[in-house]
1. What are the residue pairs meeting all of these: first residue in the stretch 181-193, first residue surrounded by fewer than 22 Cβ atoms within 10 Å (Cβ to Cβ), second residue part of a helix (DSSP H, G or I), Cβ atoms under 6 Å, and 6 or more apart or on different chains?
2. Going through the stretch 56-80 one residue at a time, which ones are touching a helix residue (DSSP H, G or I) at 6+ places or on another chain (Cβ under 6 Å) and without any contact (Cβ under 8 Å) to a residue 40 or more places away in the chain?
3. Among the residues of the stretch 56-88, which ones are among the polar types (S, T, N, Q) and not in a helix (DSSP H, G or I)?
4. Among the residues of the stretch 24-58, what is the count of those that are of a type in the set (Asp, Glu) and under 23 Å from the mean Cα position of the chain (by Cα)?
5. Which one of these is closer than 22 Å to residue 182 by Cα, open to solvent by less than 60 Å² (accessible area, probe 1.4 Å), modelled with pLDDT of 50 or more and not hydroxyl-bearing (Ser, Thr, Tyr): 250, 244?
6. How many residues, within the stretch 49-95, are among the β-branched types (Val, Ile, Thr) and open to solvent by 40 Å² or more (accessible area, probe 1.4 Å)?
7. Kindly indicate whether any position in the stretch 35-43 is under 23 Å from residue 12 (Cβ atoms) and either open to solvent by 80 Å² or more (accessible area, probe 1.4 Å) or modelled with pLDDT under 85 (or both).
8. Would you point out the residue of the stretch 10-19, among those that are part of a loop (DSSP other than H, G, I, E, B) and either of a type in the set (Gly, Ala, Ser) or in contact with a strand residue (DSSP E or B) (Cβ under 9 Å, 6 or more places away or on another chain) (or both), that is most open to solvent (accessible area, probe 1.4 Å)?
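The values are calculated or read from the model by the stated rules, or taken from the named source; none is laboratory data. Fair warning: this is a prediction, and the values are worked out from it, not measured in the lab. Ideal geometry is used to build each Cβ from the backbone, glycine not excepted, and the neighbour counts take in all protein chains shown. Surface accessibility is based on the protein's heavy atoms, side chains included, excluding ligands, DNA and RNA. Shrake-Rupley method; radii C 1.70, N 1.55, O 1.52, S 1.80 Å.
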Amino acid sequence: MREPEVFVRGVDTTGDVPVLEDGATAIYGERVLLATLTVLDPYLEGRPWCLTHELEAVVEAIYAPDLSMPAAWQATYDTAAELERKAAEKSRKDAGTFQLTTPRESRGDLRDALAAMTVKDVGRKESLAAAYVRDIDPTLEVLLVQEHDGLLSPLPWAIPRAADHEGWFLSETVTPPPRFARAVAMSTVRLPHWLVCLGNLDAAIAELEALGIPAWQQDFRLRGQLVVRLDRRLRGTILGQPFGYDRSVGIHRLSSTGTYDDPFTDDDFDTWDTADDEELL
């Protein structure tokens, strides 16, 4: 164990061209992984590697436009590089739809510069913008709440343990107090692709907007946010797809039977100070 060893997982190198594991490819992209294998090859063959001094150079080499590849890999690498280029171009185009215009484009006219903020359907625009501007596949962020007999409340562990139930279960017509809004805002999650894929973003936003809560638009934390309602057992449905929520693992698929045990106990409840919020009342 005195000699350090490096184990490279997620790739089969027995053939002429490496076969990459699907999960790694989905996260990093085929071009980056092939480039990484090429740059690391001398070190895998035994060349000493000083992480402190050589790591930066290795990373720069992986992203260099003139990286030399093994002849057998070149065609695969070129195809992967072209796919990466097209995906980056599409991401820039999608994100650009929601960007403010530059001073040159607006010619100093604030009405033109802020046009993206004054569209009629601003809530939908903001939701789509949040989905597209990240350097990952577009996803939706939502707030999770529980629904009890027509009343809405934050998730159980977002409610202070010492708090009584008064003021924590509200009808949709009531403007939430700051402490309630803060607790709900603490329950922001990103919907996984298996639940809402890229092609269903618009449909999911439309469905959640139809279930929107006008009274909540009075609070800056909740204004314009998409809200997903869960039942007592932390189960919900989006676009007809049922799912469950667990504090430890997040959103997950339900079993084929649809059964799901209560995922929390009293020990899961946290305590947080609401004094700062109460001052805002």
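1. Sorted first by the residue in the stretch 181-193, then by its partner, the pairs are 182/277; 186/158; 187/158.
2. Passing the criteria: 58, 61, 62, 67, 69.
3. Pass one, the stretch 56-88, residues among the polar types (S, T, N, Q): 68, 74, 76, 79.
Within the stretch 56-88, 68 is the sole residue that qualifies.
4. Taking the stretch 24-58 first, the residues of a type in the set (Asp, Glu) are 30, 41, 45, 54, 56.
Those still in the list that are under 23 Å from the mean Cα position of the chain (by Cα) too: 30.
The qualifying residues number 1.
5. Numbers: 244 fails: closer than 22 Å to residue 182 by Cα.
One residue alone meets the criteria, 250.
6. Looking only at the stretch 49-95, we keep the residues that are among the β-branched types (Val, Ile, Thr), and these are 52, 58-59, 62, 76, 79.
From the residues that got through so far, the ones that are open to solvent by 40 Å² or more (accessible area, probe 1.4 Å) too are 52, 59, 76, 79.
Total meeting the criteria: 4.
7. Within the stretch 35-43, the first condition is being under 23 Å from residue 12 (Cβ atoms), and the residues that meet it are 35-43.
Pick out the ones that are also either open to solvent by 80 Å² or more (accessible area, probe 1.4 Å) or modelled with pLDDT under 85 (or both) and you get 43.
Among the residues of the stretch 35-43, at least one is under 23 Å from residue 12 (Cβ atoms) and either open to solvent by 80 Å² or more (accessible area, probe 1.4 Å) or modelled with pLDDT under 85 (or both), which makes the answer yes.
8. 13
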